[in-house]
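Student: Quick one: this structure, given as structure tokens, is what I'll be asking you about.
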Amino acid sequence: MEEKIITIALLPYSKAEVLRSLLEAKGIDSSLENINLIQGAVATGVKVRIHAKDANKAYPILNKLLGETERTGPKSENFILIPVDFSGYSLKAASMAFEIANKLDSSVVFYHVIPQPDYFTIPYSDVMAFDAGLYEHLKGREEAVNEDFTKFLSKLKELVGKSVWETVKMEQIVKMGYPEEDILAYTELHPPRLIVMGIKGPSEDSDAVMGSTTAGVIYRAEVPVLVIPEKAPLLNLASVKKVVYATNFDEKDFVAIDKLVGILKPFNTETTCLHIGDLEEGELAKTRLQFMKKELKQKYKDDALSCEMIHGQDVLAVLENYIQDNEVDILSLTTHKRNMITRIFNPSIARKMIFHLKTPLLVFHA
């Protein structure tokens with residue numbers, strides 16, 4: 001009977017080669033498929049194939065390569081992760097992150113990923129041929145990034161002030177790879193208290209609202225993510241007074257609210273749990289609202305936390321009006337079932353939505 005061969009990963013060619021080497025070092029036979037001998041690899045990636053009997057030994061090696069480790073619980077470390085690309089909106093996000101870190105007595109980690117160049121080498125048995133000119137290009141790119149980082153930190157120091165700058169401990173990480181995947185892999189190994197990212201708004205001729213990296217981190221990160229839009233005012237967190245948490249009365253809302261209160265505790269803020277529904281919900285929605293009020297009042301006696309429900313068919317329009325009328329500083333929600341966040345950032349309604357390009361968004365994984 002022929003032994004079954006399975007595919008355990010579809011990877012860029014360079015990572016597939018690394019994985020094959022790691023597997024063979026552990027005595028696991030493997031092979032690569034989908035290699036194009038002219039271009040190095042096809043666009044869909046390279047398949048790493050092994051014998052089915054070796055799967056249990058191979059998957060831990062794959063997970064370690066991709067930055068995934070088994071953890072007993074989602075225990076976070078006391079730092080704030082700031083992915084940066086040296087843009088103006090990235091600087092604005094870093095400024096807010098620094099102030100939050102100062103208040104929470106946390107350190108900060110700046111994280112920049114140099115995009116992996118789309119090149120692949122052709123293997124000849126055990127020999128790999130590298131382009132010397134490409135090496136010099138990458139070396140120059142790293143030097144340019146270091147210069148950009150120095151300029152970025154100099155501007156940031158001016159924004160946050162000398163006293164705050166000297167109070168907060170910081171680290172900076174620069175690596176080559178794939179921004180979304182590398183950021184998420186790092187948070188798997190070292191879960192931060194919070195990720196703070198800047199985001200560029202859509203151009204006039206595009207329906208795209210979110211950068212692919214920011215969207216991927218929001219949907220997949222298991223730690224809170226604070227997104228600072230390009231057009232958001234440069235807030236001093238001491239001036240942040242009103243925060244709205246959009247709720248659908250889900251049981252996981254209480255977990256998110258607990259994290260939200262923990263982040264906002266050092267700041268003198270007023271938080272409203274807001275549910276927007278239609279008239280058909282009737283008494284059921286009222287009952288759920290009363291239950292939430294009761295639970296939150298018992299748990300957070302000393303916090304300015306309230307609950308409110310308003311009716312409307314167009315949830316996004318109602319939410320936009322509420323934020324504008326009540327001068328809300330931060331909107332918060334969860335990614336549960338991708339309902340609210342998917343609707344807000346659906347490209348088909350992007351041109352109707354203006355408020356989210358000016359209002360910082362705090363997202364919790366549920």
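Student: Calculate the spin-label point distance for Q298 paired with K231, positioning each point 7 Å from the Cα along the beta-carbon direction, and give it in nanometres.
Tutor: Inter-label distance under the simple model: 4.4 nm.
Student: Would you tally the net charge around P229, using a Cβ to Cβ cut-off of less than 10 Å, leaving P229 out, and scoring K and R as +1, D and E as -1?
Tutor: +3
Student: Something else now. What does the charge add up to near A101, with Lys and Arg as +1, Asp and Glu as -1, over the other residues with Cβ less than 10 Å from its Cβ?
Tutor: On the way: positive: K103, K169, R193; negative: E99, D105.
Once all neighbours under 10 Å are counted, the net charge is +1.
Student: Run the simple label-point estimate for M170 and I61 please: 7 Å along Cα→C-beta, distance reported in nm.
Tutor: Using points 7 Å along Cα→Cβ, the separation is 4.1 nm.
Student: In addition: Amide H of E270: which non-local residues (sequence gap of 5 or more, or other chain) have their own amide H closer than 5 Å, using H built in the peptide plane?
Tutor: Under 5 Å from the amide H of E270: K242, V243.
Student: Expressed in nm to one decimal, what extension gain is obtained for the pair A144 and E158 from 0.36 nm per residue of sequence separation less their Cα-Cα distance?
Tutor: Between A144 and E158, full extension yields 2.9 nm more.
Student: Given the pairs K64/K252; K157/K242; K103/K155; K103/K242, which are separated by over 24 angstrom at their Cα positions?
Tutor: Working: K64/K252 30 Å; K157/K242 27 Å; K103/K155 21 Å; K103/K242 18 Å.
Flagged as over cut-off: K64/K252; K157/K242.
Laboratory data are not the source of any read-out in this text; all were calculated from the coordinates shown. Remember, it's a predicted structure, so these values are computed and weren't measured experimentally. With ideal geometry, Cβ positions are generated from the backbone for all residues, glycine too; neighbour counts draw on all protein chains shown.
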